[in-house]
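A short write-up of the structure that comes next.
The values are calculated or read from the model by the stated rules, or taken from the named source; none is laboratory data. All values reported here derive from a predicted model rather than from experimental measurement. Here Cβ is always computed from backbone atoms with ideal geometry, including for glycine, and neighbour counts include all displayed protein chains.
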């Protein structure tokens, strides 16, 4: 006799957001006339010298398990790299993970209990806010303000960080808006969280993609970070990834930095999540860090030009208001009269061959907006803008 | 003013078992005179033609995100491979994961709620039983019986599978004991679980490492599997890995097979765990499956000889009783008079240069036993046995 209840996933999982970006991309599946700017992915292959390092490791027979925390030279390279950008960070506080999202999953398993209250600044890359829900957390959202640029109302965030809050989730530079949290706001949040024992989860994946007013300084530029102001034993965990800074999205290599007292438990959780990243991928990561400054410099110069170009072109179109992003690689712009950005983006694929990400993929605060990834050539961006222009003219 | 409660991980994580195998291995860290048989890892590098496939994919510029479920040709290859071993399995029911343990994490997130009752047959590779605890489950253990071979008391398991049980965790062939669950026991468990709506989680990582009484048939051999007897929409989820069958431990590539109705939620959870396995690793996986029969055949022949050799040599030592494993790649043997296998294994490293895994790493049922991974050459195994012999003689 079959049971009444169907064989389905638990409720909390069924209620997770499925990717609306993927839903749009599926409309264009199998069409080679669609210009895709929907995913948060550079349009360039990983530089050859990084790929060569992985190939050399494979030739060396580097096909065995590694330490849960990652191979020591990679941890040392990450620690040295971060220490040039932020306060000195010991390699013992660095754990290598199988992607930035895996770092977020591990740190969420580490600190988030069922029923915990978690606060996120939004709109936001869905993964950051959905992962805590898998662990049974309630996620409270504090929305950035739309304007000349996207801005955070600090007092609103502090008010939301009630003493019973377990963690605050901050992604700066922010996907999708390009908002960069200023140092003074970080200091205020850190002081507040110290007072109430609230964890700060900083998704720092875009920290190197910032566009200062003085382009010449961009080669060493880095967004303000909690790692600049926090002590080692503060309740601050930073997650990061090789994906954006070194054009390595497909490699699934990331890391986290945590207080020393958490590292033993992080080792256990990495064992139970993926055990380790592939050794030959880690070897490529070492080379990326040690010889990657030029990649980052070139990428920032390229994206800055792309941002400026797209910002100007979009704002010249009727009905479109695009704030100027200070970081990351997206323009998150308003389209007048749009009440369902998912419907709009599907139309754009179908009718204009233009692939953009619907704003409501990043939360209800994103409704009415559209995300455009500008990690692309000016030629392709121009082609995309013309498609949008023609679509809007109809 | 600092808070009273320290900045530590949540209780359930602090209570997770840290790896006692690693604790033993740490004793030998930096010594090159230790013979290691502690980890569940073959002593052979991944075959060159598989590494070449990854290198070719890197040359092709395959460094971008892939589908959450894995690239279609890999899903198709896995489905075709499984369909030759078991009942026909459609590629739409296969999801590629970033390791076998990631498959276990994803499927646990899928079905296990805080407070759920989960039953595991033990002793057991710690990850299978610890992952549900991260999600707040209570894990009830049913111990295999020690004897000529390790055996399951079926009635004891069925009695433990009370109607309020959410899932049963079965690893057959079993790590560490080499127990292989017979078809009739699988049929009884399936019928029972159908009756009560209990999920069957089958960790099938060692399914190709079985040692029949007729060695000539080993090239196509496979352990009895729930995938042989279950319908597509039964509450059965199988997790698997490229690690053992194709000598690919370090690649972190696995998969799971689940009922069709779960696949949408599995896609979401893969997105939130690692998003996808690296594309170039997946390309290597295709080649491993399509051209890997010879590897599996050679591996089984080699391990069978290693098992028979070690079985005979160990049982000839005083105070040692080693049941004969029917599958996997371990001997799990009793050492008379041992009340703390962790202490014993540390002594073995320090005093004899022999690296073995303590039985209590696999649960309290494993206390008094030691695990020896025989995925090694006869010469190394003989060297190890002589070290053990000298140690016991002191």
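Table for the structure above
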{"item": "Selection count where residues are touching a residue at least 24 places away in the same chain (Cβ under 8 Å) and in a helix (DSSP H, G or I), scope region A:366-394", "result": "14"}
{"item": "Identity of the residue in region B:33-64, assigned to a loop (DSSP other than H, G, I, E, B) and facing another protein chain (nearest Cβ under 8 Å), that ends up nearest to residue B:289 (Cα to Cα)", "result": "B:46"}
{"item": "Of all residues in region B:144-169 being assigned to a helix (DSSP H, G or I) and under 22 Å from the mean Cα position of the chain (by Cα), the one that is farthest from residue B:130 (Cα to Cα)", "result": "B:154"}
{"item": "Pairs where the first residue, in region A:193-206, is in contact (Cβ under 8 Å) with a residue 60 or more places away in the chain and the second is assigned to a loop (DSSP other than H, G, I, E, B), C-beta under 7 Å, 6+ apart", "result": "A:199/A:235; A:205/A:243; A:205/A:244; A:206/A:173; A:206/A:175; A:206/A:244; A:206/A:328"}
{"item": "Residue count for region A:246-269, restricted to those that are more than 7 Å from chain B (Cβ to nearest Cβ) and surrounded by 24 or more Cβ atoms within 10 Å (Cβ to Cβ)", "result": "9"}
{"item": "The lone exception for residue B:310 - which of (1) within 30 Å of residue B:55 (Cβ to Cβ); (2) under 22 Å from the mean Cα position of the chain (by Cα); (3) assigned to a helix (DSSP H, G or I) it fails", "result": "(1)"}
{"item": "Region A:114-132, subset facing chain B (nearest Cβ under 9 Å) and within 19 Å of residue B:107 (Cα to Cα), residue nearest to the chain's Cα centre (by Cα)", "result": "A:127"}
{"item": "Where residue A:73 falls short, out of the listed (1) surrounded by 21 or more Cβ atoms within 10 Å (Cβ to Cβ); (2) modelled with pLDDT of 95 or more; (3) outside any loop (DSSP other than H, G, I, E, B); (4) touching a helix residue (DSSP H, G or I) at 6+ places or on another chain (Cβ under 6 Å)", "result": "(1)"}
{"item": "Residue count, region B:93-140 (criterion: over 27 Å from residue A:278 (Cβ atoms), in contact with a helix residue (DSSP H, G or I) (Cβ under 7 Å, 6 or more places away or on another chain) and not in a loop (DSSP other than H, G, I, E, B))", "result": "7"}
{"item": "Condition check for residue A:227: touching a residue at least 24 places away in the same chain (Cβ under 8 Å), in a helix (DSSP H, G or I) and under 25 Å from residue A:135 (Cβ atoms)", "result": "yes"}
{"item": "Selection count, region A:270-287, where residues are buried (at least 24 other Cβ atoms within 10 Å of the Cβ), assigned to a helix (DSSP H, G or I) and out of contact with any strand residue (DSSP E or B) (no Cβ under 9 Å at 6 or more places or on another chain)", "result": "5"}
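Results for (1) in contact with a strand residue (DSSP E or B) (Cβ under 8 Å, 6 or more places away or on another chain); (2) without any contact (Cβ under 8 Å) to a residue 40 or more places away in the chain; (3) over 30 Å from residue B:264 (Cβ atoms); (4) facing chain A (nearest Cβ under 10 Å), shown as yes or no for each residue.
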position: B:102; (1), (2), (3), (4): yes, no, no, yes
position: B:110; (1), (2), (3), (4): yes, no, no, yes
position: B:140; (1), (2), (3), (4): yes, yes, yes, no
position: B:148; (1), (2), (3), (4): no, no, yes, no
position: B:155; (1), (2), (3), (4): no, yes, yes, no
position: B:167; (1), (2), (3), (4): yes, no, no, no
position: B:171; (1), (2), (3), (4): yes, no, no, no
